[in-house]
Amino acid sequence: MLLTDKQLYEEGIKNVLISEDDLRAAIADCGRQISEDYEGKPLLLLSILKGAFVFLSDLCREITIPCEIGFMAAKSYFEGTSSSGEVEITYDVIQDISRYHVIIVEDIVDTGRTLSKVYDMLLDRKPLSLKVVTLLDKPDRRVVDFDADVSLFTIPDRFVIGYGLDCGEYYRNLPYIAEYKQRGE
Ligand code: 5GP
């Protein structure tokens, strides 16, 4: 669907869940902590496209030590609420991750299925260490036993948009996190 009608677009934004100020403060703290923890270590920030691109771009600018940036894209094939399924890597990181301390920078951990599979695949490549930092965590939706090492905000079971997160590819450019309003809601 092409959403060219501004009024329809705006109706999709129900309410702001996390403001720009709150995002900025939490990300600054996270960047400071990473800069302390990884000082003197080869660091790779690895983002899984596309949802985490805004978080990654703000987080990396709060990091004051040398680091590299990498990207991956993955497609998941799961049925219903089952946790078994396949994850296909559609774009792979170019760095040899065995040479780095790797932080996976994720937008949201929902059921946890995609990230737990990607995490295991990356672990097989024997990085110097592997951690997960997620902007958002929806623990009520989890179907696999997987938790990020750091999550900046825990949110209820609501579909959210903005700050990289989309609905039908729209809303990624909102500077805050909002709850999405379904048509007719
Ligand atoms: P899961 O943890 O279920 O395997 O998948 C996580 C992915 O689902 C996220 O990276 C994100 O792309 C998408 N997702 C999960 N919850 C939401 C949400 O509330 N809003 C949006 N826009 N995407 C979500």
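The values are calculated or read from the model by the stated rules, or taken from the named source; none is laboratory data. Quick caveat: nothing in here was measured; it's all calculated off a predicted structure. Glycine gets a Cβ as well: all are built from the backbone with ideal geometry, and neighbour counts include every protein chain shown. Heads up: the accessible areas ignore ligands, DNA and RNA and are worked out on the full protein's heavy atoms, side chains in. Shrake-Rupley method; radii C 1.70, N 1.55, O 1.52, S 1.80 Å.
Quick rundown of the values:
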quantity: Top of Leu45, Leu23, Leu128 by mean-square fluctuation, Gaussian network on the chain, Cα under 10 Å; calculated: Leu128
quantity: Per-residue [θ]222 nm for the chain (sum of -39500 (n - 2.57) over DSSP H runs n ≥ 4, rounded to 500); calculated: -7000 deg cm²/dmol
quantity: Carbon + sulfur, % of accessible area of the range 117-164 - ligands and nucleic acids excluded, 1.4 Å; calculated: 45
quantity: Selected from Ser76, Ser35, Ser116 as most flexible by GNM, with the chain as the system and alpha-carbon contacts under 10 Å; calculated: Ser76
quantity: The range 35-130, accessible area per residue, ligands and nucleic acids excluded (1.4 Å, Å²); calculated: 51
quantity: Of Lys75/Lys126; Lys75/Lys138; Lys131/Lys181; Lys50/Lys126, pairs whose Cα-Cα distance is over 29 Å; calculated: Lys131/Lys181
quantity: Dipole magnitude of the range 104-151, debye to nearest 20 (Cβ charges: Lys/Arg +1, Asp/Glu -1, about Cα centre); calculated: 160
quantity: DSSP-assigned coil residues among trypsin sites (Lys or Arg not before Pro) in the range 47-120, each with at most 16 further Cβ atoms within 10 Å; calculated: Lys50, Arg61
quantity: Difference of contour (0.36 nm per residue) and Cα-Cα distance, Tyr176 to Asp92; calculated: 27.4 nm
quantity: Neighbour-limited loop hits for GluC sites (Glu not before Pro), the range 87-181 (at most 16 other Cβ within 10 Å; DSSP other than H, G, I, E, B); calculated: Glu169
